[in-house]
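Heads up: the structure comes next, in structure tokens.
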There are 2 protein chains.
Amino acid sequence: MRITALAGGVGGARFLRGLVHHLRAAHPDDRPEIIVIGNTGDDITLFGLRVCPDLDTILYTLGGGVHEGQGWGRVDESHHVAAELAELGATPQWFSLGDKDFATHIFRSQLLARGMPLSAVTAQLADRWGLAEQGVTLLPMTDTPVETHVVVTEGGDQVAIHFQEWWVRHQAALEADRFVVAGLDSAAAAPGVLEAIRSADVVLLPPSNPVVSIGIILGVPGVRDALRGSRAPVVGVSPLVGGRPVRGHADVCLRTIGVDTTSEAVAGLYQDFLDGWLVDPDDPMAQPGRTSRLAVVARPLLMSSVAAAADIAGAALALAQQLAAATGEAEALP
Amino acid sequence: MRITALAGGVGGARFLRGLVHHLRAAHPDDRPEIIVIGNTGDDITLFGLRVCPDLDTILYTLGGGVHEGQGWGRVDESHHVAAELAELGATPQWFSLGDKDFATHIFRSQLLARGMPLSAVTAQLADRWGLAEQGVTLLPMTDTPVETHVVVTEGGDQVAIHFQEWWVRHQAALEADRFVVAGLDSAAAAPGVLEAIRSADVVLLPPSNPVVSIGIILGVPGVRDALRGSRAPVVGVSPLVGGRPVRGHADVCLRTIGVDTTSEAVAGLYQDFLDGWLVDPDDPMAQPGRTSRLAVVARPLLMSSVAAAADIAGAALALAQQLAAATGEAEALP
């Protein structure tokens, strides 16, 4: 019994935590296996250390170490290292790294420098955060370093800046021309990634950013083909509530790639493999009389608590079960 | 007017701070230049980060950031990074690194990874600590990575462990057979090192460890020859008070290389270039009737305060002045 999920940062992590809680309650004795394929497209090297924001947000959230208020980083965090780096004139200073967080990056960078692939390093970090006890295996989408750059216009010239600089420093307020993911074309899916999709009983798309999180994972060679070829139902959760992203700048990202900020348009990005789609009750797709090739279920999508996220995850699984039943695969489902 | 000093860690750093204070009082308007050649023989890579204990102790001490009680590391230090690395199972855990200290090592490692030589990195760290305002230039003895290993007997077999493991973890209590300084034979003196000795008006040897601090610097190709060829008086300060090292394990180090723990035997290690030698009043070399090829001055050598260290540094300079006067070079001296 295997659930495979593609996930970005905060939204993905909170959905996954809800999924774990839902399964713990619904299947206390025989919990399904969850394999998470995490986005590494916004990874960045800072101060010579490799930072994987989305993987870390998933680890910290599932492990109970996340700063709930901000959604990322560690709770009870201090910033002595960053303060001293600022004294030394080290840059950049726009990316906040706490002391405990630095330890993660130091540990990861040391193992990477020894030649250990990111997937193996991530497995060690997952041990520290007890993911196995939750039935979760976290795989980076690829062991190949990839980096998303944003092409912006500065003083009449087009320049590419790192995605994090655009996202964190400029809060996505710099007009973006396009995204370029350096290394993605030639990146190989990490060990287990394609197999996790092919052998899944359910594939879930949490409400992560459809462009710079899910969209990047879909760009890893083989991932999209595996999803198209999967017999498992693929169910996604719209990242839009009230016509806007709950957090982050998915609207700006969508506009940049010429896609409307609507659940329908986001589903269109997944149209070659998506089977079921959860939308908010106010969503235009939920209105009476609307038809869709997709199985659309309307329900509140605000992950305002772990329980709320668990309910949403449960609804996604229920929809997957319905879809599987329609094709005679119901018994294999959790 | 140039003073060149060879220095190890705590003892060297405290002597140098005294020297700066002495010169500030004695030469308020025309302070001599001080060039410090720092030992890098006990450098170590921890968690993938390059740590230079002696250089950092000098920087922190001169810059007012040192933890006075322990003599090394930063004052008002926290240890969040190290605690999290321990959670991750990262090793070793016997070398204490505080959060601010980690920032130094992250900064240095990043610049080294970009191809910047250690001497240039050290210059940037010296800027942060205001060494230029104190008239001090800190040079690592070499830009070539060297590491001191200690050959010990474990279970009947001889094994080499890193000097820091022997010094910090085992407190020099493991019987050592010999020291091996990997890379020293082929290390080149860092830019400015040999020139600093050749062009010095005075060369000072602070009371640093004669084996694993001063002794390592002397092993850098060209350094010993430059000292032998120098016309400047070379004055040293014995590291022994009451027949024992004030701190550290110089006695064990001396025994390991087959040298007695006496000021006379330590001076013997420098006999091909040493001109003057400060010893403690109780030292056998200070007793009436003793003769020496060296100019020996007896005075209290305990650096119990900055003022005490300043007085010792002043006495070393006064002895150098006497020695220069005897050879007609007095006017060039500070």
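The values are calculated or read from the model by the stated rules, or taken from the named source; none is laboratory data. Because the structure is predicted, anything quoted here is derived from the model rather than measured. As a convention, Cβ positions derive from the backbone with ideal geometry for all residues, glycine included, and neighbour counts pool all protein chains shown.
Annotations for the structure displayed:
- Residue in the stretch A:221-233 that is farther than 30 Å from A:A326 by Cα and of a type in the set (A, V, I, L, M) present: no
- Qualifying residue in the stretch A:2-12 (condition: closer than 22 Å to A:L274 by Cα, in contact (Cβ under 8 Å) with a residue 40 or more places away in the chain and surrounded by fewer than 23 Cβ atoms within 10 Å (Cβ to Cβ)): yes
- Filter result (surrounded by fewer than 24 Cβ atoms within 10 Å (Cβ to Cβ) and touching a helix residue (DSSP H, G or I) at 6+ places or on another chain (Cβ under 7 Å)) within the stretch A:97-117: A:L97, A:K100, A:L111, A:L112
- Restricted to the stretch B:206-234, and to residues there that are part of a helix (DSSP H, G or I) and of a type in the set (G, A, S), the residue that is surrounded by the fewest Cβ atoms within 10 Å (Cβ to Cβ) is B:G229.
- Of all residues in the stretch B:56-71 being touching a residue at least 60 places away in the same chain (Cβ under 8 Å), away from every other protein chain (no Cβ under 14 Å) and in a helix (DSSP H, G or I), the one that is nearest to B:V212 (Cα to Cα): B:I58
- Residue among B:D260, B:D311, B:D280, B:D272 that is exposed (fewer than 14 other Cβ atoms within 10 Å of the Cβ) and either on the phi > 0 side of the Ramachandran plot or touching a residue at least 40 places away in the same chain (Cβ under 8 Å) (or both): B:D272
- Filtered residues of the stretch B:119-150 (kept if more than 9 Å from every other protein chain (Cβ to nearest Cβ), under 18 Å from B:A13 (Cβ atoms) and either assigned to a strand (DSSP E or B) or not small (G, A, S) (or both)): B:T122, B:W129, B:L131, B:E133, B:Q134, B:V136, B:T137, B:L138, B:L139, B:P140, B:M141
- Hey, A:T291 assigned to a loop (DSSP other than H, G, I, E, B), at pLDDT 95 or above and hydroxyl-bearing (S, T, Y) or not: no
- Filter result (under 15 Å from the mean Cα position of the chain (by Cα) and either β-branched (V, I, T) or within 15 Å of B:G215 (Cα to Cα) (or both)) within the stretch B:225-247: B:V235, B:G236, B:V237, B:S238, B:P239, B:V246
- With respect to the stated conditions, B:R14 fails to be in the same structural domain as B:F95 (by TED's automatic domain parsing), out of contact with any Leu (no Cβ under 6 Å at 6 or more places or on another chain) and closer than 20 Å to B:R108 by Cα.
- Whether a residue is more than 14 Å from chain A (Cβ to nearest Cβ), on the phi < 0 side of the Ramachandran plot and polar (S, T, N, Q) was assessed, and B:T45 does not pass this test.
- In the stretch A:82-95, the qualifying residues are those that are in contact with a helix residue (DSSP H, G or I) (Cβ under 7 Å, 6 or more places away or on another chain) and more than 16 Å from B:V75 (Cβ to Cβ), and the one that is farthest from the other protein chains (Cβ to nearest Cβ) is A:W94.
- Among residues of the stretch B:9-41, those that are farther than 16 Å from B:A190 by Cα, part of a loop (DSSP other than H, G, I, E, B) and in contact with a helix residue (DSSP H, G or I) (Cβ under 7 Å, 6 or more places away or on another chain), counted: 3
- The residues of the stretch B:127-171 that are surrounded by fewer than 17 Cβ atoms within 10 Å (Cβ to Cβ) and under 18 Å from B:G192 (Cβ atoms), listed by number, are B:D127, B:A132.
- Residues that are closer than 30 Å to A:L59 by Cα, facing chain A (nearest Cβ under 9 Å) and of a type in the set (A, V, I, L, M) do occur in the stretch B:72-81.
- Restricting attention to the stretch A:52-96 and to residues that are of a type in the set (D, E, K, R) and surrounded by fewer than 17 Cβ atoms within 10 Å (Cβ to Cβ), the residue that is nearest to A:Q171 (Cα to Cα) turns out to be A:E68.
- Residue that is nearest to the other protein chains (Cβ to nearest Cβ), among those in the stretch A:97-118 that are touching a residue at least 40 places away in the same chain (Cβ under 8 Å) and in a loop (DSSP other than H, G, I, E, B): A:L97
- The stretch A:235-251: number of residues that are surrounded by fewer than 24 Cβ atoms within 10 Å (Cβ to Cβ) and either basic (K, R) or touching a strand residue (DSSP E or B) at 6+ places or on another chain (Cβ under 7 Å) (or both): 3
- Restricting attention to the stretch A:296-308, the residues being free of Cβ contacts under 8 Å to residues at least 40 places away in the same chain and outside any loop (DSSP other than H, G, I, E, B) number 3.
- Of all residues in the stretch B:220-257, those satisfying the criterion of being of a type in the set (D, E, K, R) and in contact (Cβ under 8 Å) with a residue 24 or more places away in the chain are B:R224, B:R228, B:R231, B:R247.
- Members of the stretch B:170-198 found to be touching a His at 6+ places or on another chain (Cβ under 9 Å) and not small (G, A, S), listed by number: B:Q171, B:F179, B:V180, B:V181
- When the stretch A:266-299 is filtered for residues that are out of contact with any helix residue (DSSP H, G or I) (no Cβ under 8 Å at 6 or more places or on another chain), over 18 Å from A:G243 (Cβ atoms) and among the small types (G, A, S), only A:G289 remains.
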